[in-house]
Amino acid sequence: MYKNLVEEILKETKTIAIVGCSSNEEKAAHIVPKYLQEVGYKIIPINPVAEKILGEKVFPSLLKLEEKVDLVLVFRPSEETPIIAKQVINKTKYLWLQLGISNEEVEKVAKEANIGLIMDKCMMVEHKQARQ
């Protein structure tokens, strides 16, 4: 089927909830979602203060998101990720913690919930490499 989980995620994902999505154009939490949107993914920004990011309606938290998504992409500090992982159970098939973000507790939560997990990798970089 797929060579690895990254390849599976990149091919199977259509809708991405992005926790920590930023309206600051200089931050990776804006640059990466913008790229993902440009290459065809539907993005759903999660940010407690913004109303619109990249032309999309923003949800203040994952708890306010009623629809299921294919992937939850996280741009938050590692210590915040266990709470996020628990919030995504039954909301997604995959959880991706961006470059520099990892947490052992998240690994346990994802495994128990049968959620595919990627940690400490940039989705934009992985997508660009997969296209070559």
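Kindly evaluate ILE101 against the criterion of being part of a strand (DSSP E or B) and either of a type outside the set (Phe, Trp, Tyr) or over 16 Å from VAL19 (Cβ atoms) (or both).
No; evaluated as a whole, the condition is false for this residue.
May I ask you to list the residues in region 84-98 that are outside any helix (DSSP H, G or I) and surrounded by fewer than 16 Cβ atoms within 10 Å (Cβ to Cβ)?
Hits for region 84-98 are ILE89, ASN90.
Yes/no matrix, rows are residues, columns are (1) over 23 Å from LYS3 (Cβ atoms); (2) in a strand (DSSP E or B):
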| site | (1), (2) |
| --- | --- |
| ILE43 | yes, yes |
| ALA50 | yes, no |
| ARG76 | yes, no |
| THR81 | yes, no |
| VAL125 | no, no |
| LYS128 | no, no |
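Per-residue answers, yes or no, for (1) farther than 19 Å from LEU63 by Cβ; (2) touching a residue at least 12 places away in the same chain (Cβ under 8 Å); (3) in contact with a Phe, Trp or Tyr (Cβ under 8 Å, 6 or more places away or on another chain); (4) of a type in the set (Gly, Ala, Ser):
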| position | (1), (2), (3), (4) |
| --- | --- |
| SER78 | yes, yes, no, yes |
| GLN87 | no, yes, no, no |
| LYS91 | no, yes, no, no |
| LEU99 | yes, yes, no, no |
| ILE118 | yes, yes, yes, no |
| ARG131 | yes, no, no, no |
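Could you count how many residues in region 1-41 are in contact (Cβ under 8 Å) with a residue 24 or more places away in the chain and closer than 18 Å to LYS57 by Cβ?
Residues meeting the conditions: 15.
Within the bounds of region 13-20, is there any residue that is over 17 Å from ILE115 (Cβ atoms), at pLDDT 95 or above and within 11 Å of the chain's Cα centre (by Cα)?
yes
Answer yes if at least one residue in region 12-26 is under 18 Å from LYS128 (Cβ atoms), of a type in the set (Ser, Thr, Tyr) and not in a loop (DSSP other than H, G, I, E, B), and no otherwise.
no
Residues LEU63, LEU36: which one is in a helix (DSSP H, G or I) and either buried (at least 20 other Cβ atoms within 10 Å of the Cβ) or in contact with a strand residue (DSSP E or B) (Cβ under 8 Å, 6 or more places away or on another chain) (or both)?
So the residue among LEU63, LEU36 that is in a helix (DSSP H, G or I) and either buried (at least 20 other Cβ atoms within 10 Å of the Cβ) or in contact with a strand residue (DSSP E or B) (Cβ under 8 Å, 6 or more places away or on another chain) (or both) is LEU36.
Can you name the residue in region 1-11 that is touching a helix residue (DSSP H, G or I) at 6+ places or on another chain (Cβ under 9 Å) and assigned to a helix (DSSP H, G or I) and, of all such residues, is farthest from GLN132 (Cα to Cα)?
The extreme case among them is ILE9.
Taking region 39-58 only, how many residues are surrounded by fewer than 20 Cβ atoms within 10 Å (Cβ to Cβ) and more than 27 Å from ARG131 (Cα to Cα)? Steps first, answer last, please.
Residues of region 39-58 surrounded by fewer than 20 Cβ atoms within 10 Å (Cβ to Cβ): 39-40, 42, 48-52, 54-58.
Okay, now just the ones that are also more than 27 Å from ARG131 (Cα to Cα), so 48-52, 57-58.
Selection size over region 39-58: 7.
The values are calculated or read from the model by the stated rules, or taken from the named source; none is laboratory data. This structure is a prediction, so every number in the text was calculated from the model and none was measured. Cβ: placed from backbone, ideal geometry, glycine included. Neighbour counts: every protein chain shown.
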